[in-house]
Amino acid sequence: MTTTMQGQVALVTGASRGIGKAIAEQLAAQGVKVIGTATSEKGAEAISAYLGEHGEGRQLDVTDADSVAGVLAAIDETYGQLDILVNNAGITKDNLLMRLKDDDWDAVMDTNLKSVYRLSKAVMRGMMKRRSGRIINISSVVGTTGNPGQTNYCAAKAGLVGFSKALAQEIAARGITVNCVAPGFIDTDMTKSLTEDQKQAIFANIPASRLGQPEEVAAAVVFLASPGAAYITGETIHVNGGLAMV
Amino acid sequence: MSTIEERVKKIIIEQLGVKEEEVKSEASFENDLGADSLDTVELVMALEEEFETEIPDEEAEKIKTVQAAIDYVTNHAND
């Protein structure tokens with residue numbers, strides 16, 4: 001068994017900032033060639049800038065099958081076979097269910113859940129043929145605990161856990177692992193948009209008494225992507241400062 | 001140049017890890033050759049590559065025996 005990730009190729013969606021950026025940077029630090037994606041051209045350029053010689057940024061709309069196919073074909077051509085897929089891209093459209101619009105529900109489901117189906121399916125053939133691969137889906141603590149105002153987000157994030165367990169069972173015999181990392185409240189733009197009331201309520205329940213850092217989530221992702229985690233599949237690693245122990 | 005039948009059987013032997021004499025025309029991948037559903041999917045993938053063709057899902061689901069695979073390729077192969 002190789003113990004290094006040197007020379008492997010990883011795709012990290014939603015890598016322009018926050019947790020995705022930290023994941024891309026830490027994988028790059030392990031010698032992995034990283035393709036980070038963003039929805040905008042500007043975001044993709046920012047990723048190319050911080051990755052430097054360790055990879056590049058690319059524009060990708062995870063809700064568009066053609067866009068997904070295009071990026072994967074480009075990766076295949078430039079870097080060769082994909083070893084690691086990190087499904088990190090996600091959005092929130094919070095509202096109480098009684099006020100939630102169909103569009104808000106659909107957008108969160110499509111970006112946060114269906115995108116993972118789309119991307120995982122698209123990389124399956126290559127990973128099956130090589131009898132190796134890592135798929136890591138970024139879920140959330142609220143997929144387990146729930147959170148008022150986030151029925152759509154919680155449903156999608158819980159959906160990722162079920163998806164990962166099912167796919168893990170389908171392809172474990174082919175040397176491919178599928179796992180989730182479920183962050184708690186992490187210091188990112190996404191949690192900055194929480195209301196002060198929401199934050200206070202959450203803080204009171206975090207034994208670590210602080211927000212987590214994106215790097216602390218990325219460390220769990222790098223572990224799951226590493227050769228040492230080959231026997232872990234269908235699992236969810238919670239990174240939440242003790243907020244929820246499951 | 002091998003015949004289509006020989007090439008199909010060679011792929012089945014490689015993919016499913018079975019012996020040549022087991023690969024009879026009427027043999028079912030799942031019932032006779034010990035394949036599970038994922039093995040069958042991989043077998044179709046291998047056939048697609050060998051014969052440079054794309055087998056639609058609804059057709060792939062019908063390829064359950066050695067003969068069905070040979071018939072499909074015979075009717076659809078590019079070469």
- Order of exposure, largest accessible area first, which applies to A:M128, A:M190, A:M245 with probe 1.4 Å: A:M245, A:M190, A:M128
- Item | Tail fraction, Cα-Cα pairs, the stretch B:4-76, threshold 18 Å, whole percent | 25
- Note on the structure: HN-Hα couplings for the stretch A:65-74 via Karplus (6.51, -1.76, 1.60; θ = phi - 60°), in whole Hz with x for Gly/Pro, come out as 4, 5, 4, 4, 4, x, 5, 5, 5, 5
- Task: Of the DSSP beta bridges with both residues in the protein assembly as shown, give the percent that are antiparallel, rounding to the nearest 5.
- Result: 5
- Mind putting a number on the dipole of the protein assembly as shown about its Cα centre? Charges go on the C-beta only, +1 for Lys and Arg and -1 for Asp and Glu, and I need it in Debye to the nearest 20. 1440
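Nothing charged except the Cβ atoms of Lys and Arg (+1) and of Asp and Glu (-1): what's the magnitude of the dipole of the stretch A:159-232 about its Cα centre? Round to the nearest 20 debye.
The dipole magnitude comes to about 240 debye.
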- Message: Which entries of A:K114/A:K192; A:K93/A:K129; A:K33/A:K101; A:K165/A:K192; A:K121/B:K62 have Cα-Cα distances beyond 28 Å here?
- Response: A:K93/A:K129; A:K33/A:K101; A:K165/A:K192
- Item | Relative contact order for the stretch B:4-76, counting Cα pairs under 8 Å that sit 6 or more residues apart, in percent | 38
- May I ask you to find the residues of the stretch A:111-130 that are shielded by at least 40 Å² of accessible area once the whole protein assembly is considered instead of their isolated chain (probe 1.4 Å)? A:R125, A:M128, A:K129
- Task: Express the relative contact order of chain A as a whole percentage, based on alpha carbon pairs under 8 Å and six or more residues apart in sequence.
- Result: 20
- Query: Counting only residues 5 or more places away or on other chains, whose amide H sits under 5 Å from the amide H of B:T65 once H atoms are built in the peptide plane?
  - Reply: B:F29
- Note on the structure: For the protein assembly as shown, dividing by residue count, accessible area per residue (probe 1.4 Å) in Å² works out to 50
- Note on the structure: Buried by partner chains in the stretch B:27-45 (accessible area down by at least 40 Å² vs chain alone, 1.4 Å probe, heavy atoms, protein only) are B:L38, B:E42, B:M45
- Note on the structure: Scalar couplings 3J(HN,Hα) for the stretch A:160-165 by Karplus 6.51 cos²θ - 1.76 cosθ + 1.60 (θ = phi - 60°), nearest whole Hz, x for Gly and Pro, are 4, 5, x, 4, 5, 5
- Under 5 Å from the placed amide H of A:G57, counting only residues 5+ away or on other chains, we find A:G36, A:S48
- By the Kirkwood definition, with r running over pairs of different Cα atoms, the stretch A:9-237 has a hydrodynamic radius in Å of 17.7
- Over chain A, the sum of -39500 (n - 2.57) across DSSP H runs of at least four, divided by residue number and rounded to 500 deg cm²/dmol, gives at 222 nm -13500 deg cm²/dmol
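Computing the accessible area with a 1.4 Å probe over protein heavy atoms, can you report the carbon and sulfur percentage for the stretch A:9-237?
It is 52 percent, rounded to a whole number.
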- aspartates and glutamates whose Cα lies under 19 Å from that of A:K199, excluding same-chain neighbours fewer than 8 positions away: A:D94, A:D187, A:D189
- In Å² (nearest 100), what accessible area is buried between A and B, both sides summed, heavy protein atoms only, 1.4 Å probe? 700
- Threshold 50 Å² - residues in the stretch A:168-185 whose accessible area is reduced by that much or more when the chain is no longer isolated, probe 1.4 Å: A:R174
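The values are calculated or read from the model by the stated rules, or taken from the named source; none is laboratory data. Keep in mind it's a predicted model, so treat the numbers as computed, not measured. Positions of Cβ are backbone-derived with ideal geometry, glycine not excepted, and every protein chain shown enters the neighbour counts. Just the protein is used for accessible areas: all its heavy atoms, side chains included, with ligands, DNA and RNA removed. Shrake-Rupley method; radii C 1.70, N 1.55, O 1.52, S 1.80 Å.
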